[in-house]
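Reviewing the structure listed below.
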Ligand SMILES: [Zn+2]
């Protein structure tokens, strides 16, 4: 295995997190020395899941919690 940091010449898919590596950004390229046809691309640091916006996510309706605590009445 040999790895080096390179600039993505086109959009790539990270083999670790399956997220897009945009064209022009730095990424890690990993080659298998024994199987030259196999190349892996990775982010230098994969983004955390919360850093990406997922599509078609509908926010849930807010849940209203009623405060059912007993109320002290003056005697
Ligand atoms: Zn990644």
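Where a number appears in this text, it was derived from the coordinates with a stated rule and is not lab data. Small disclaimer: the values here were computed from a predicted structure and weren't measured. Cβ atoms come from the backbone with ideal geometry, glycine included; neighbour counts cover every protein chain shown.
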What does the convex hull of the alpha-carbon atoms of the chain project to on average, in nm²?
-> 10.0
Evaluate E = 1/(1 + (r/R0)^6) for residue 10 and residue 33, where r is the Cβ-Cβ distance and R0 equals 22 Å; express this FRET efficiency to the nearest 0.05.
-> 0.35
Dividing the mean separation of Cα pairs under 8 Å (6+ apart) by the residue count of the chain yields a relative contact order in percent of 25
